[in-house]
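Right, one structure below, let's go through it.
Read the figures in this text as sums done on the coordinates, not as results from a lab. From a predicted model like this one, the values you see are computed outputs, not experimental measurements. Cβ placement follows ideal geometry from the backbone for every residue including glycine, while neighbour counts extend to all protein chains displayed.
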Amino acid sequence: MSSDAGAAPSAQMIDLFAGPGGLDVAAQWLGISVTGVEWDEDALATRLAAGLDTEPGDVRDRGPELFPDATILAGGPPCQTFSVAGSGVGREALDEVLNFVDRMGDGDRTVRVELKKLRDERTGLVLEPLRWALDAIDLHRQPYEVIVLEQVPAVLPVWKRMGEVLRSRGYKFTTDILRTEQFGIPQTRRRAILVAHLNRQPSLPMATHRRFRRDGSIHPDDAHLPAWVPMGPVLAGHDKFVVVSNYGTGGDPKARGRRRYDEPAYTVTGKVSRNKMESLRGRYIRNLDHLDAGRLQTFPPDYPWTGRDLAQQIGNAIPPRLAVHVLSRAVFDRAPDENALNTVVTGRWGEFRTGYRGALLQAGIVPDESAEPLDRCARTLPTLW
């Protein structure tokens with residue numbers, strides 16, 4: 001597969017702030033070799049249990065020189081200071097962050113020192129992928145061919161400004177907000193996505209499902225698409241039910257939001273266990289747990305969540321199904337096959353890592369680990385295409 005088709009020559013990816021593996025799972029489903037950089041000990045425990053290649057440590061203490069063969073840079077910086085559910089410190093510092101982006105684009109390396117003086121140091125983490133991308137160029141390393149970043153919607157202005165800096169270094173880029181329910185994920189969740197490509201104009205994936213609207217209306221733009229995927233089949237073991245959100249609606253904390261079994265779930269957060277499941281008549285059934293959260297995020301049902309604060313690990317991750325759509329379009333310039341994607345999302349991770357990959361190996365679709373990365377990548381594509 002040539003880079004003209006959109007794939008980096010060796011299709012090797014570095015995932016910054018990798019967490020428990022949302023992007024990594026998607027990359028492996030697509031046959032992309034991936035290493036995640038992560039420091040949180042709980043996320044590291046999950047990654048180890050899942051068999052994900054990991055460089056333990058702080059993204060700020062590492063750089064592209066440690067991964068000279070990587071052609072794809074990806075990541076989802078921590079969102080707590082930008083998230084609506086978080087402190088909001090990042091949103092308040094938006095103008096300052098944008099100024100830092102401009103200065104980094106002008107080659108000002110003193111920015112790293114000033115970032116430590118921000119009211120919440122986590123706010124500056126959103127700039128680390130740009131540092132990695134610029135260092136790969138300025139330190140005379142081969143530039144990344146593809147860059148894929150995701151964050152909460154409040155970060156979209158930062159992605160746009162980063163895109164302009166990358167454009168000045170020869171990249172083409174696109175950025176926008178994607179809604180998870182429009183990609184077959186049984187929850188409503190919005191993510192700001194940036195894709196930059198060194199050799200072609202990149203595009204974001206096209207929606208595969210309709211946008212969820214509480215009033216049941218269908219917009220003409222997506223009337224031709226199937227309806228969103230409801231949470232009912234995912235939260236198996238119960239008939240018709242209602243999930244009562246932990247968060248209020250309309251600015252009233254007492255007005256708890258409610259979603260039916262035939263609607264997508266609310267955004268999965270680290271407080272998902274506070275969401276209650278009730279019968280249609282209001283009888284309490286149970287609270288949601290981390291297994292529910294993992295499935296609503298489209299992780300495989302047997303994904304080996306390990307360590308503490310499992311709900312927070314899951315809530316922080318990008319849904320692997322959304323990541324597949326974004327990576328497919330960004331790296332290979334095509335969409336995955338929906339039926340094949342359904343198979344891997346509902347399949348077992350353990351079988352994919354062992355028996356499933358073994359079956360592909362026997363069939364000649366996946367070569368052994370000694371094969372060249374491009375060969376491994378190109379021959380695994382039929383699993384999702």
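When peptides 342-348, 241-247 are sorted by average Cβ neighbour count within 10 Å, with the highest value leading, the order is 241-247, 342-348. Estimated at 0.36 nm per residue, the fully extended path between Asp102 and Arg214 surpasses their Cα-Cα distance by 36.3 nm.
Arranged from fewest to most other beta-carbon atoms within 10 Å of their beta carbon, Met104, Met206, Met162 become Met206, Met104, Met162. To the nearest 0.05, what FRET efficiency results for Asn199 and Arg109 with a Förster distance of 25 Å applied to their C-beta separation? Once rounded, the FRET efficiency stands at 0.35.
Among Ser168, Ser273, Ser217, Ser328, sorting on how many other beta-carbon atoms sit within 10 Å of each Cβ, with the fewest leading, yields Ser217, Ser168, Ser273, Ser328. Near the amide H of Ala265, within less than 5 Å, lie the amide hydrogens of Gln187, Thr188, Met231, all on another chain or at least 5 residues away, with H placed in the peptide plane.
Among beta bridges identified by DSSP and lying wholly in the range 121-269, the antiparallel ones come to about 95 percent.
Estimated at 0.36 nm per residue, the fully extended path between Arg190 and Thr343 surpasses their Cα-Cα distance by 52.7 nm. When +1 charges are put on Lys and Arg Cβ atoms and -1 charges on Asp and Glu Cβ atoms, the dipole computed for the range 173-285 relative to its Cα centre reaches about 460 debye. What is the order of Ile218, Ile32, fewest Cβ neighbours within 10 Å to most? Ranking Ile218, Ile32 by Cβ neighbours within 10 Å, fewest first, gives Ile218, Ile32. Only Lys, Arg, Asp and Glu carry charge here, each on its Cβ (+1 for the first two, -1 for the last two); on that basis the range 274-352 has a dipole of about 380 debye about its Cα centre.
The peptide list 11-17, 257-263, put in order of mean Cβ contacts within 10 Å with the highest first, becomes 11-17, 257-263. As a calculated quantity, the FRET efficiency between Arg258 and Arg308 at R0 = 30 Å, using C-beta atoms, amounts to about 0.50. Cross-link partners for Lys240 among the aspartates and glutamates, with Cα-Cα distance under 15 Å and sequence neighbours closer than 8 places in the same chain left out: Asp262, Glu263, Glu278.
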